[in-house]
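Chemist: Submitted below is the structure of interest, expressed as structure tokens.
The values are calculated or read from the model by the stated rules, or taken from the named source; none is laboratory data. Just so it is clear, the structure is predicted and the values come from calculations on it, not from any experiment. Cβ: placed from backbone, ideal geometry, glycine included. Neighbour counts: every protein chain shown.
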Amino acid sequence: MQIEFRQVTVVFPQPKGGSFVAVDGFELQVEKGEFVTIVGPSGCGKSTMLLVADGLIRPTAGQVFFENKLVTAPGPDRALVFQEFALLPWRTVESNVMLGLELQKKRSPTEMRNVVNHYIQLVGLRGFEHHYPHQLSGGMRQRVGLARALAVNPAILLMDEPFAALDAQTREIMSEELLRIWEEDKKTVLFVTHGIEEAVYLADRIVVMSSQPGRVKEIIRVDLPRPRGLAIKDDPEFVRLRRHIWNLLMKEVRWQVDGRGKTP
């Protein structure tokens, strides 16, 4: 087991007193090499679970184990990729990708440069090594963020809606590129998204969460062949899964919008 959530509950205090239960009794086991996506309504605690997995938030109750070790703090074995590109504007593509390696202080300058060049090529940015973030498109900046995360060779990628800020066409291309990169070494990926199509396209399994407080509503196995191209979205099984997940989420979304449809 690569990562395991055991009855994780997260409660946040409120500014005017009282508390807010963001996640209640979240349970999930992720195997090494799995690509697992998490979908759910806004505010259901999807991103909170990634922060707990990374060690940036301590659960109020329950525990998270990474490779059978209790998670208590961030570590180099986990890399978090945010929706915002989080690039340093004064650094070039090359030096942004190198940042994590510099902080690790485990390799010589030549070794670091070789690693950086490998991942820049892997994400399709060869020729842009000396460009600054403001000179890149949104999709290219997200590629830099992905290369930076991969360069430190984490055991698991924790991805928090990394393509949400991109236009629809670029988002589809980036999803396809992510699968191509994932096929290279099959790193474990825990990927949060609002997009049902994106979740089905990427995943081995999909975790569907309920609305506040966030709980696991259903875990769905995606039995679609790999490697996958965008044409898989026309497959009848893909269409069936997309419809099933939407039906699961519909009551949750309606309850959020107007208070209807939630079963007590």
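Chemist: Kindly check whether there is at least one residue in region 101-118 that is without any contact (Cβ under 8 Å) to a residue 60 or more places away in the chain, under 27 Å from residue 38 (Cβ atoms) and out of contact with any strand residue (DSSP E or B) (no Cβ under 7 Å at 6 or more places or on another chain). Steps first, please.
Modeler: We begin by selecting, within region 101-118, every residue without any contact (Cβ under 8 Å) to a residue 60 or more places away in the chain; these are 101-118.
From the residues that got through so far, the ones that are under 27 Å from residue 38 (Cβ atoms) too are none.
Among the residues of region 101-118, not one is without any contact (Cβ under 8 Å) to a residue 60 or more places away in the chain, under 27 Å from residue 38 (Cβ atoms) and out of contact with any strand residue (DSSP E or B) (no Cβ under 7 Å at 6 or more places or on another chain), which makes the answer no.
Chemist: Taking residue 147 as the residue in question, decide whether it is under 24 Å from residue 230 (Cβ atoms), touching a helix residue (DSSP H, G or I) at 6+ places or on another chain (Cβ under 9 Å) and either part of a loop (DSSP other than H, G, I, E, B) or modelled with pLDDT under 90 (or both). It would help to see each step written out before you state the result.
Modeler: Details: under 24 Å from residue 230 (Cβ atoms): yes; touching a helix residue (DSSP H, G or I) at 6+ places or on another chain (Cβ under 9 Å): yes; either part of a loop (DSSP other than H, G, I, E, B) or modelled with pLDDT under 90 (or both): no.
It is false that residue 147 is under 24 Å from residue 230 (Cβ atoms), touching a helix residue (DSSP H, G or I) at 6+ places or on another chain (Cβ under 9 Å) and either part of a loop (DSSP other than H, G, I, E, B) or modelled with pLDDT under 90 (or both).
Chemist: Still on this structure, I have one more. For region 104-138, which residues satisfy the criterion of being in contact with an Asp or Glu (Cβ under 8 Å, 6 or more places away or on another chain) and outside any helix (DSSP H, G or I)?
Modeler: 123, 124, 129, 130
Chemist: Please name all residue pairs, on different chains or six or more residues apart, with Cβ atoms under 7 Å, provided the first residue is in region 1-14 and is exposed (fewer than 12 other Cβ atoms within 10 Å of the Cβ) and the second residue is charged (D, E, K, R).
Modeler: 1/31
A quick yes/no check of all residues on (1) modelled with pLDDT of 90 or more; (2) out of contact with any Gly (no Cβ under 8 Å at 6 or more places or on another chain); (3) among the charged types (D, E, K, R):
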| position | (1), (2), (3) |
| --- | --- |
| 155 | yes, yes, no |
| 192 | yes, yes, no |
| 202 | yes, yes, no |
| 206 | yes, yes, no |
| 212 | no, no, no |
| 215 | yes, no, yes |
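Chemist: Follow-up. If I ask for residues that are farther than 9 Å from residue 81 by Cβ and either in contact with a strand residue (DSSP E or B) (Cβ under 8 Å, 6 or more places away or on another chain) or among the aliphatic types (A, V, I, L, M) (or both), which ones from region 139-157 would you list? Explain how you work it out, then say what you get.
Modeler: From region 139-157, those farther than 9 Å from residue 81 by Cβ are 139-141, 143-144, 147, 150-156; that's our starting set.
Residues satisfying the conditions are 140, 144, 147, 150, 151, 152, 154, 155, 156.
Chemist: So, one more: Only one of (1) assigned to a helix (DSSP H, G or I); (2) closer than 25 Å to residue 51 by Cβ is not met by residue 164, so which one is it?
Modeler: Against the list (1) assigned to a helix (DSSP H, G or I); (2) closer than 25 Å to residue 51 by Cβ, residue 164 comes up short only on (1).
Chemist: Another one. Yes or no: residue 184 among the charged types (D, E, K, R), modelled with pLDDT under 95, under 27 Å from residue 69 (Cα atoms) and out of contact with any strand residue (DSSP E or B) (no Cβ under 9 Å at 6 or more places or on another chain)? Step through it out loud before you land on a result.
Modeler: Numbers: among the charged types (D, E, K, R): yes; modelled with pLDDT under 95: yes; under 27 Å from residue 69 (Cα atoms): yes; out of contact with any strand residue (DSSP E or B) (no Cβ under 9 Å at 6 or more places or on another chain): yes.
Criteria met by residue 184.
Chemist: Now for a separate question. Among the residues of region 34-82, which ones are over 26 Å from residue 165 (Cβ atoms) and of a type in the set (Val, Ile, Thr)?
Modeler: Within region 34-82, 60, 64, 71, 72 meet the criteria.
Chemist: Determine which member of the set 157, 202 is buried (at least 22 other Cβ atoms within 10 Å of the Cβ), within 13 Å of the chain's Cα centre (by Cα) and over 25 Å from residue 240 (Cβ atoms).
Modeler: Working: 202 fails: over 25 Å from residue 240 (Cβ atoms).
Being buried (at least 22 other Cβ atoms within 10 Å of the Cβ), within 13 Å of the chain's Cα centre (by Cα) and over 25 Å from residue 240 (Cβ atoms) holds for just one of 157, 202, which is 157.
Residue by residue, here is whether (1) farther than 18 Å from residue 38 by Cα; (2) out of contact with any Pro (no Cβ under 9 Å at 6 or more places or on another chain); (3) among the hydroxyl-bearing types (Ser, Thr, Tyr) holds:
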residue	(1), (2), (3)
136	yes, yes, no
152	yes, no, no
173	yes, yes, no
184	yes, yes, no
193	no, no, yes
200	no, yes, no
225	yes, yes, no
228	yes, yes, no
242	no, yes, no
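Results for (1) over 30 Å from residue 116 (Cα atoms); (2) more than 13 Å from the chain's Cα centre (by Cα); (3) among the small types (Gly, Ala, Ser), shown as yes or no for each residue.
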{"position": "145", "(1), (2), (3)": "no, no, yes"}
{"position": "148", "(1), (2), (3)": "no, yes, no"}
{"position": "165", "(1), (2), (3)": "no, yes, yes"}
{"position": "191", "(1), (2), (3)": "no, no, no"}
{"position": "197", "(1), (2), (3)": "yes, yes, no"}
{"position": "219", "(1), (2), (3)": "yes, yes, no"}
{"position": "225", "(1), (2), (3)": "yes, yes, no"}
{"position": "233", "(1), (2), (3)": "yes, yes, no"}
{"position": "248", "(1), (2), (3)": "yes, yes, no"}
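Chemist: Tell me which of these residue 82 doesn't satisfy, since it passes every other one: (1) modelled with pLDDT of 90 or more; (2) touching a Pro at 6+ places or on another chain (Cβ under 8 Å).
Modeler: Failed condition: (1).
Chemist: Ok, one more. Quick test of your reading of the structure: residue 75 fulfils all but one of (1) more than 24 Å from residue 147 (Cα to Cα); (2) surrounded by fewer than 19 Cβ atoms within 10 Å (Cβ to Cβ); (3) of a type outside the set (S, T, N, Q). Name the failing condition by number.
Modeler: All conditions pass for residue 75, except number (1).
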